[in-house]
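Everything below concerns the one structure shown next.
Computed from the coordinates by the stated procedures, all read-outs in this text should not be read as laboratory data. This one's a predicted model, so the numbers in the text were calculated from it and none came from an experiment. Ideal geometry is used to build each Cβ from the backbone, glycine not excepted, and the neighbour counts take in all protein chains shown.
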Ligand code: NAP
């Protein structure tokens with residue numbers, strides 16, 4: 001059974017996704033195992049299970065993926081008034097389960113892809129699969145400061161939707177200049193006294209519509225050509241040290257919270273040495289979703305540093321599932 005927990009919190013929604021559908025037994029072997037449960041993984045699951053492939057999804061550390069930390073999704077086709085990220089993921093999950101997908105809320109700790117059947121290990125389970133779809137997505141990039149680690153959860157956050165309500169009446173710093181940073185800044189204005197967007201250049205990377213919204217919001221101001229050089233505080237954050245990248249000057253900016261939104265890095269650690277990747281760790285694909293290993297496919301942010309949209313990830317998930325289906329059918333005929 002999947003539990004849906006909707007908690008009214010301003011206009012945010014919180015949904016917890018429960019583990020395996022009631023009464024469903026885990027097997028040792030599946031036709032296809034999908035690693036990751038964001039739009040790519042769950043779309044792949046819908047297609048695979050509709051094609052009557054025995055399908056297991058191992059959801060990963062954040063069941064539902066990055067959209068679980070997103071507020072309103074306004075650009076996913078079919079929702080003219082937008083849809084909350086967690087609600088969208090809940091729908092995808094229910095849709096996959098409706099067609100027979102088994103979803104295990106666990107984390108794959110290692111993979112053995114040299115020979116078929118491929119092997120996926122979690123801490124206490126071992127599964128075999130004839131095909132694999134890697135849809136493990138990406139995680140927030142860090143600034144790399146020691147103080148960032150020290151104050152993580154004590155004023156440093158990577159998710160305004162999750163933590164914004166804790167910063168009521170505070171002055172907040174948001175780091176970054178892309179859509180994520182602007183989205184976070186706009187959302188935080190619901191709670192914060194003021195929001196400073198600290199960006200390393202003098203122009204935003206964010207889309208025009210997001211820029212317009214930010215520029216016209218009286219609570220948001222911009223600190224251009226600047227980086228956060230340090231985060232200061234005692235038990236919690238009291239401020240940041242801002243460094244001007246043009247003249248090198250450093251100054252303190254008082255704030256109660258720091259939200260870091262400077263992009264993402266692919267979650268590919270467990271595939272290192274087995275799957276070909278580029279220098280940033282993104283999985284290399286050929287013919288759309290194929291990796292260097294026959295029978296192992298990739299979909300979504302894990303191989304796509306360019307588009308990185310929920311709808312493109314879903315599209316890649318669909319493509320990977322169709323490729324798996326063809327691969328398994330051809331293999332069956334060969335034997
Ligand atoms: P992004 O577009 O890559 O932007 C990252 C931002 O962080 C850039 O402004 C970059 O600066 C800055 N940055 C990177 N590393 C930094 C560092 N070490 N120190 C300081 N600043 C750093 O990432 P994103 O904003 O997460 O967006 C990713 C994708 O998701 C995009 O395609 C975006 O359109 C999409 N998205 C869409 C929505 C929406 O439509 N509602 C919301 C969120 C994200 P530079 O500009 O100088 O490179």
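See the values below:
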item	result
Which of 329, 268 has the fewest Cβ neighbours within 10 Å, and the rest in rising order	329, 268
Label-point gap, in nm, between residue 142 and residue 254 - each point 7 angstrom along Cα→Cβ	2.9
Principal axes of the range 74-182: Cα extent on each, largest first, Å	54, 42, 24
Antiparallel %, DSSP beta bridges [both residues in the chain], to 5	45
Computed lengthening from residue 286 to residue 75, 0.36 nm per intervening residue step minus Cα-Cα distance	73.2 nm
Residue 110-residue 232 FRET efficiency (beta carbon distance; Förster radius 45 Å; 0.05 resolution)	0.70
On Cα atoms only, tilt of 85-98 relative to the major axis of the chain in degrees	10
C-alpha long axis of helix 39-50 to longest principal axis of the chain, angle in °	20
At 1.567 mPa s and 4 °C, Stokes D of the range 255-335 from Kirkwood alpha-carbon radius, µm² per second	91
Degrees between helix 179-188 axis and first principal axis of the chain (Cα, 0 to 90, nearest 10)	60
Calculated P(r) tail over 17 Å for the range 147-267, as whole % of Cα pairs	51
Of every Cα-Cα pair in the range 44-88, the percent that sits beyond 16 Å	54
Backbone N within the range 22-47 under 12 Å of label point (7 Å from residue 332 Cα along the Cβ vector)	31
Cut-off 11 Å, label 7 Å out along Cα→Cβ of residue 121, residues of the range 236-272 by amide N	none
Helix-derived mean residue ellipticity, 222 nm - over the chain, DSSP H n ≥ 4, -39500 (n - 2.57), to 500	-7000 deg cm²/dmol
Efficiency of FRET from Cβ geometry, residue 25 and residue 306, R₀ 30 Å, rounded to 0.05	0.15
Rg in Å to one decimal, and Dmax rounded to a whole Å, for the range 197-259 via C-alpha atoms	13.0, 38
Diffusion constant of the chain at 10 °C, which comes from Stokes-Einstein with the Kirkwood Cα-pair radius and 1.306 mPa s, µm²/s	75
